[in-house]
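A short worksheet on the structure shown next.
Every read-out reported here was derived from the displayed coordinates using simple, explicitly stated rules and does not represent laboratory data. All figures in this text were calculated on a predicted structure; none of them were measured in a lab. All Cβ positions, glycine included, derive from the backbone under ideal geometry; neighbour counts span all protein chains shown.
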Amino acid sequence: MNLQRIGVLVLRYVFIYRRSFIRLIEILFWPTMALLVWGFVASFIQRAGEGDLPRFISFLIGAMIFWDILFRAQQGISLSFLEDVWARNLLNIFCAPVRLSEYVLATFLFGLMRVGLTLAFLTILAWVLYHFNLFSLGFALIPFIANLLALGCTVGIVTIAIVLRYGHGAEPFAWALPFLLQPFSAVFYPVSVLPEAMQVVSWALPSTYVFEGMREVIRSGAIPWENLGWAVGLNLIYLVVAVWLLMHTFAVARNRGLLGKWGMQ
Amino acid sequence: MKRNRSRQSHQIVAMALSPVGRGAPSTCYNPAPLLSCSAMRPTTKTILHVHELTKVFNGVTAVDHLNFSIDRGEIVGILGANGAGKTTTLQMILGLIRPTSGRIEIFGQEIEQHRIEILRRMNFSSVGVNLPANLLVSQNLWVFAKLYGVKQARRRIDELLALLEIAHLRDVRTGRLSSGELSRVNLCKALLNRPELLLLDEPTASLDPDMADKVRKILRHVQQEDGVAMLYTSHNMRDIEEICDRVLFMHNGRLIAEGTPQQIVERFHTRSLEEVFIRVARSGEVVVGGGEA
């Protein structure tokens, strides 16, 4: 891998966003709206419960912020790829001396920058509006976030593979795929409320261990190491499978002449 | 792309025009002077060598046992009707499509094994490919200069912008350019790394006649100054006649004629390359009109 090429590709995305007010706003707009809606819903429910649910706001706002980390990491990769598709620039990249791995890594690094910006903004907003301190999760915050970033990266890579294989018609997957995971990931509720069959799927997702772990930290202050171990293990497996899928899809796209459809006719 | 049902007429045309390539024996089969024997074997000057290149998509043959070579500093045009296999050939040379069989050697190396090293020394421009619209022209060019490892990138960008007479567009958003301006910016991008091999897909398609003429002169200038070899597809016969040293005529995925534009015109007893193009596209007419070819 060539670090200079990766750096240039990252910088290119920075140029694109720096010159687009709409794109910059988009990074902050949706997470802010979600935080406002979920935060006020939680406040209302807590008030209606007359103090029986003291940690309800923390559960929901923590969940919302964590979900956004996963979602933004996935979007960082898939939207950066789609930027090149929409600009009809993908062939310029694929015909330049750039490895597929360098390209994907650059989209992930840019995704990290987007996540960092969103996370900082949401952390401040959650503190100001709801007195929710994300840092109260302590050391566990680091492995939780790392696991969500890894899963976001995995889903982002799968999204690229799907769009490469099925073309423009598959672009909605860039937004839909993370939400396919959401009900199973027990983001806003514990796994125990899911039907048993869904629980099996739920425990196969690394995100479930993170969200369950987050609630455990808020509830008891203890870091659930076993949960973290499962999340790391599953993430590694899924990441390897996603990378294999992308490489396989790229090979299929080359065999079937699908890459040329992104520009040369 | 060729359907098998067209094979019969294709074979007639191929026989009439003395095929170059398919099933060619180790000694070059060259019944006519315009069918270049040099295409069969690479020499020390050869920069691109295509050998028995074939691509089949789901049973449909898009490129059929194609053989040709390009020497350093040579401009070679690929002509053919839509679906003749030109773009598939270009995409295989760029490594975007994996051939079903055959070999592509660029700078003496196989593209499948040495893609990055080869791509660093070549470049391409296509009318269907753009640059991100909300970046400045200079930013887009800087990004690609860095990706290609160009030293003194800013100086090189200024040089090329001046050469293509678009220095005034340096700090303009790419999305605000006219299609003609965009074509020239794409050409700038294609020349950034001083490529030894340049693949051009309809480079003058969006240009007015004046600018198309200037671009052709610039390409000639670049060829003479830097010894750049070019593989050039165009439906503009004037482009081909003016700029190409040699023309490869493709029909239904196969190379059916090869020579200088003048040789090909004479061969088909026509007045212009455009007439040849129309007659080859309507393959039956070739047999009737140029049967002895």
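Taking other C-beta atoms within 10 angstrom as a stand-in for reagent exposure, A:Val98, B:Val150, A:Val128 fall in the order A:Val128, B:Val150, A:Val98, fewest first. Fully extending the segment from A:Ser220 to A:Ser192, taken as 0.36 nm per residue of separation minus the present Cα-Cα distance, adds 8.3 nm.
Calculate, for B:Asp210 and B:Ala162, the FRET efficiency according to 1/(1 + (r/R0)^6) with r their C-beta to C-beta distance and R0 22 Å; round to the nearest 0.05. Efficiency for this residue pair is about 0.75.
When the pairs B:Lys45/B:Lys151; A:Lys261/B:Lys189; B:Lys55/B:Lys214; B:Lys55/B:Lys189; A:Lys261/B:Lys146 are compared against a 24 Å limit on Cα-Cα distance, B:Lys45/B:Lys151; B:Lys55/B:Lys214; B:Lys55/B:Lys189; A:Lys261/B:Lys146 fall above it.
Cβ crowding within 10 Å, taken as a proxy for footprinting-reagent exposure, orders A:Ile27, A:Ile22, B:Ile157 from fewest neighbours to most as A:Ile22, A:Ile27, B:Ile157.
Which one, B:Thr174, B:Ala153, B:Leu191, is farthest towards the positive end of the dipole of the stretch B:130-193 when Lys and Arg carry +1 and Asp and Glu -1 on their Cβ? Toward the positive end, the furthest listed residue is B:Ala153.
Dipole of the protein assembly as shown computed with +1 at Lys/Arg Cβ and -1 at Asp/Glu Cβ about the Cα centre; of A:Ser136, A:Ile6, A:Gly221, farthest Cα towards the positive end is A:Ile6.
From least to most packed, judged by other beta carbons within 10 angstrom and beginning with the fewest, B:Ile78, A:Ile124 follow the order A:Ile124, B:Ile78.
Annotation: the protein assembly as shown has a Kirkwood hydrodynamic radius of 26.3 angstrom, from the mean reciprocal C-alpha pair distance.
Using alpha carbons only, the radius of gyration of the stretch B:130-193 set against its Kirkwood radius gives Rg/Rh = 0.91.
Projected over all directions and averaged, the alpha-carbon convex hull of the stretch B:124-266 occupies 9.0 nm².
Screening chain A for whole DSSP H helices with an alpha carbon extent of at least 27 angstrom along the helix axis and a mean Kyte-Doolittle hydropathy of at least 0.5 yields A:21-48, A:56-86, A:100-130, A:141-166, A:225-256. For the stretch A:197-265, a crude dipole built from +1 on the beta carbon of Lys and Arg and -1 on the beta carbon of Asp and Glu, taken about the Cα centre, is about 440 debye to the nearest 20.
With each label modelled as a point 7 angstrom along the Cα→C-beta vector, the A:Phe56-A:Leu3 pair spans 5.1 nm. Using alpha-carbon pairs under 8 Å, 6+ residues apart, how would you state the relative contact order of the stretch A:3-262 in percent? Result for the stretch A:3-262 is 23 percent.
Here the calculated FRET efficiency for B:Lys151 and A:Phe139, from their Cβ-Cβ distance with R0 = 51 Å, stands at 0.65, rounded to the nearest 0.05. Just want the answer: with Cβ charges of +1 for Lys and Arg and -1 for Asp and Glu, which residue in A:Ile93, A:Ile22, A:Val104 is farthest toward the dipole's positive end in the stretch A:1-112? Going by the charge dipole, the pick is A:Ile93. Think of each Lys and Arg Cβ as +1 and each Asp and Glu Cβ as -1; about the Cα centre, that makes the dipole of chain A roughly 960 debye. Note: the stretch B:64-188, Cα convex hull, 138 Å³ per residue. For the residues of A:200-211, the average number of beta carbons from a partner chain within 10 Å of their own beta carbon is 0. Rounded to the nearest 500, the helix-only mean residue ellipticity at 222 nm of chain A stands at -26000 deg cm²/dmol, with each DSSP H run of n ≥ 4 adding -39,500 (n - 2.57).
Stretched out straight at 0.36 nm per residue, the stretch from A:Val241 to A:Phe121 would grow longer than its current Cα-Cα span by 39.9 nm. Roughly what percent of Cα-Cα pairs across the stretch A:3-262 reach past 24 Å? That tail contains 50 percent of the Cα-Cα pairs. Our summary gives the stretch B:153-293 a relative contact order of 15 percent, counting only alpha carbon pairs under 8 angstrom and 6 or more residues apart. Let's test the formula: R0 of 41 Å, r as the Cβ-Cβ distance of A:Leu28 and B:Glu266. What FRET efficiency results, to the nearest 0.05? The formula returns an efficiency of 0.05 here.
Report the residues of the stretch A:119-140 in range of a label on A:Ala146: point 7 Å along Cα→C-beta, backbone N strictly under 12 Å from it. Within reach of a label on A:Ala146: A:140. The mean number of partner chain beta-carbon atoms within 10 angstrom of a residue's beta-carbon across peptide B:93-100 is 5.
Placing +1 on the Cβ of every Lys and Arg and -1 on the Cβ of every Asp and Glu, with no other charges, gives the protein assembly as shown a dipole of roughly 320 debye about its Cα centre. Highest GNM mean-square fluctuation among A:Gly213, A:Gly62, A:Gly169, for chain A modelled with Cα contacts below 10 Å: A:Gly169.
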